[in-house]
Amino acid sequence: MAAKELVFSGVQPTGNLHLGNYLGAIVNFVKLQNTHNCIYCVVDLHAITVWQDPAELTRTIREVTAAFIAAGIDPKKHIVFNQSQVSEHAELAWVFNCVARLGWLNRMTQFKEKAGKDRENASVGLYAYPNLMAADILVYRATHVPVGEDQKQHLELARDIAQKFNNDFSDSIRTHGFNEKFFPQPEPLITGAATRVMSLRDGSKKMSKSDPSDYSRINLTDDADAIAQKIRKAKTDPEPLPSEEEGLKSRPEADNLVGIYAALAGQTRADVLREFGGGQFSGFKSTLVDLAVTKLGPIGAEMKKLTQDTAYVDAVLADGADRARVIAAETMNAVKDIVGFIRKK
Ligand code: TYM
């Protein structure tokens with residue numbers, strides 16, 4: 001492991017975890033455990049930027065935790081916890097609210113999409129959300145952040161915040177004996193064949209938890225029948241599959257299914273097209289169903305089992321939070337000194 005490299009990432013406990021979350025993020029979380037120290041967080045403070053039913057929020061916090069473990073994350077070797085148990089996230093986010101500029105947040109496309117036309121009615125939290133995300137990462141001074149393509153802009157903002165804090169407080173950082181690069185520049189890790197999984201009903205829309213059509217996504221808790229039905233009904237075009245990647249360019253639905261296959265099989269799009277190029281979608285879809293059921297079935301089953309054992313899941317989160325807090329408190333104490341606050345020593 002390279003010195004001081006640390007991985008951090010988060011997933012929101014809002015509704016159904018789907019294949020996009022799995023292939024764009026969680027699969028990479030699992031892989032990184034072999035090479036890095038990792039911190040994986042269920043970001044419940046982010047979830048409430050849009051109103052959540054309290055009982056349902058509690059359930060989904062446990063469900064995302066169960067998904068992490070069922071997918072192969074080891075909560076003993078690494079850290080798994082829910083954000084609200086480590087108050088330093090919210091504390092650092094406030095400092096970052098005072099570092100980030102309005103103009104930076106005004107450029108965030110996800111806010112524009114989520115707030116939609118009724119912008120005046122969006123919560124202040126939804127607007128300031130990327131500052132909290134920067135705090136999540138930087139309170140651990142994490143260096144690498146595995147995410148799907150859609151989080152790239154938020155990561156750029158986190159880098160800007162880190163840099164501005166280091167510049168604004170450079171004298172104080174030095175006076176207190178810290179490295180001038182107090183906050184690192186966190187690097188996004190956007191890897192694999194499915195960094196942006198699209199809706200199964202519309203290849204121009206991202207697969208998302210909030211799409212009203214359940215046929216648009218494969219949920220991690222879907223059983224074999226549901227997975228099969230959704231893949232069979234997935235939108236395609238009438239042409240056979242191309243033999244070269246070039247042929248996927250103006251065919252978003254074909255590109256999406258090939259990308260999903262490649263990511264589930266651990267192959268590249270080119271590998272998949274070498275095998276299926278020239279064939280019809282019906283045959284390809286049947287093989288994709290088998291692959292998806294083989295890969296996702298056991299995860300879904302394990303998730304269901306784990307979510308019933310709430311005592312175990314809650315204990316994992318409490319233990320992870322205790323370990324996370326030690327690291328976060330060290331950063332936050334340093335930040336307080338750097339900013340000029342007085343604290344009990
Ligand atoms: P969230 O909860 O929307 O999604 C969790 C992860 O899944 C990825 N993802 C996708 N990847 C590929 N295709 C898709 N259709 C797709 N949909 C979602 C996301 O990119 C993400 O990696 N703001 C974050 C959560 C967060 C966070 C953080 C992430 C809060 N703090 C700090 C990293 C570091 C979010 O809403 O992800």
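If you take the charge dipole of the chain about its Cα centre, with +1 on Lys and Arg Cβ and -1 on Asp and Glu Cβ, which of V86, L220, N97 is farthest toward its positive end? Positive-end residue among those listed: N97. For the chain, a crude dipole built from +1 on the beta carbon of Lys and Arg and -1 on the beta carbon of Asp and Glu, taken about the Cα centre, is about 460 debye to the nearest 20. Only lysines eight or more places from K249 in sequence, or on another chain, were considered; those with a Cα closer than 25 Å are K152, K205, K206, K230, K233, K235, K285. Remark: region 50-58, residue by residue, has Karplus-estimated 3J(HN,Hα) of 10, 4, 10, 5, x, 5, 5, 4, 4 Hz, where x stands for each Gly or Pro and the curve is 6.51 cos²θ - 1.76 cosθ + 1.60 at θ = phi - 60°.
Amide H to amide H, with H built 1.01 Å from N, L200 comes under 5 Å of R217, counting only residues 5 or more places away or on other chains.
Once the Cα atoms are used to define both axes, helix 224-233 deviates from the longest principal axis of the chain by about 70 degrees. Each of R343, R159 has some number of other Cβ atoms within 10 Å of its Cβ, and from fewest to most they run R343, R159. Normalising the average separation of contacting C-alpha pairs (under 8 angstrom, six or more residues apart) by the number of residues puts the relative contact order of the chain at 24 percent.
For L189, the residues 5 or more places off, or on other chains, whose built amide H falls under 5 Å of its own are V145, V147.
3J(HN,Hα) along region 179-187, derived from phi through the Karplus expression 6.51 cos²θ - 1.76 cosθ + 1.60 where θ = phi - 60°, amounts to 4, 4, 8, 4, 9, x, 8, x, 9 Hz, with x in place of Gly and Pro. One way to sum up the overall shape of the chain is the equivalent ellipsoid from its Cα gyration tensor, whose semi-axes run 37, 22, 19 Å, largest first. Need one word for region 214-305: rounded, prolate or oblate. Basis is the Cα gyration tensor (sqrt eigenvalues a ≥ b ≥ c); a/c below 1.5 gives rounded, then a/b vs b/c decides. Judged from the Cα gyration tensor, region 214-305 comes out prolate (a/c at least 1.5, a/b above b/c). Relative to the longest principal axis of the Cα atoms of the chain, helix 124-138 runs at roughly 80 degrees.
Values in this text are rule-based calculations from the coordinates and carry no lab data. Since this is a predicted model, take the numbers as computed values, not measurements. Note that we place each Cβ from the backbone using ideal geometry, even for glycine, and neighbour counts take in every protein chain shown.
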